[in-house]
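Taken together, the values in this text are just the output of simple stated rules run on the coordinates, not laboratory data. Bear in mind the structure is a predicted one, so any value in this text is a computation, not a measurement. Positions of Cβ are backbone-derived with ideal geometry, glycine not excepted, and every protein chain shown enters the neighbour counts.
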Amino acid sequence: MPKGSPELTAARKEEIVNACEQLYQTMSFKEITLKEIGKVTSFTRTSIYNYFQTKEEIFLALYEREYERWNEELERILIDNELLTREELADKIASSISNRDQLLKLLSMNNYDMETNSRPERLVSFKRAYGESMKNMCRLLSKFCPEKSVQDIQNFIYVFFPFMFGIYPYTAVTKKQREAMKEADVDYVYQSIYEITNNCLLKLL
């Protein structure tokens, strides 16, 4: 365990996660190493092991933070509105997701390997944030779609949350991918994060 106050420990963990986030803007998961992360922190690479044992644990912490940020947006929808039509609810949820492109990018990765290479306590902490997003979605549906049964809401969750794993690959299309689709004569309609999510939500709601 690292020595120092809880505040220092929290600050250093945050710095490591921020470094990972910074690198993830221009590098892929495979390209990012603990050595690369160490280059953009204020302490040595070996010190990272005092806080995270693997690269996957750092990414899982970033993942957790993204869910926490999305939860804040979902909770604002719940608190700030008394009544919403299905169209308005779909719009607000889709807008909240369109602000979370990094969460969607993380969702499109191999989550199995990330979770496998993280300690149980790190995984539990992540699952709490993930689970809270599911609870928030259930709260939104219960409040704004009171006609939906418990089974209806559960069915929504088990369709929409898996759907989220595919949003990023279908919307963050590179020039190379566009050219390949054109060459393959695939007539694909490109949509924004908001558009593809809103369309899905309108059908599910």
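Cross-link partners for LYS127 among the lysines, with Cα-Cα distance under 25 Å and sequence neighbours closer than 8 places in the same chain left out: LYS13, LYS30, LYS55, LYS92, LYS105, LYS135, LYS143.
For THR116, the shell of other residues with beta-carbons less than 13 Å away shows a net charge of -1, using +1 for Lys and Arg and -1 for Asp and Glu. Each Lys and Arg contributes +1 and each Asp and Glu -1, all at the Cβ; summed about the Cα centre of the chain, the dipole is approximately 620 debye.
For the pair the stretch 2-77 and the stretch 114-182, the centres of their Cα atoms are 22 angstrom apart.
Are there DSSP H segments in the chain that both extend 20 Å or more along their axis (alpha-carbon positions) and score a mean Kyte-Doolittle hydropathy of at least 0.5? List them, or say none. Spell out each step's value before the answer.
Numbers: long enough: 6-24 (27 Å, -0.46); 55-80 (38 Å, -0.87); 120-144 (36 Å, -0.48); 150-164 (21 Å, 0.91).
Span-like helices in the chain: 150-164.
Quickly rank 176-189, 10-23, 28-41, 58-71 as a protection proxy: mean count of other C-beta atoms within 10 Å, highest first.
Working: 176-189: 9.5, 10-23: 17.2, 28-41: 14.0, 58-71: 20.9.
With the highest mean Cβ count within 10 Å placed first, the list reads 58-71, 10-23, 28-41, 176-189.
Between ASN111 and MET27, the FRET efficiency from the beta-carbon distance, with R0 = 30 Å, is close to 0.95.
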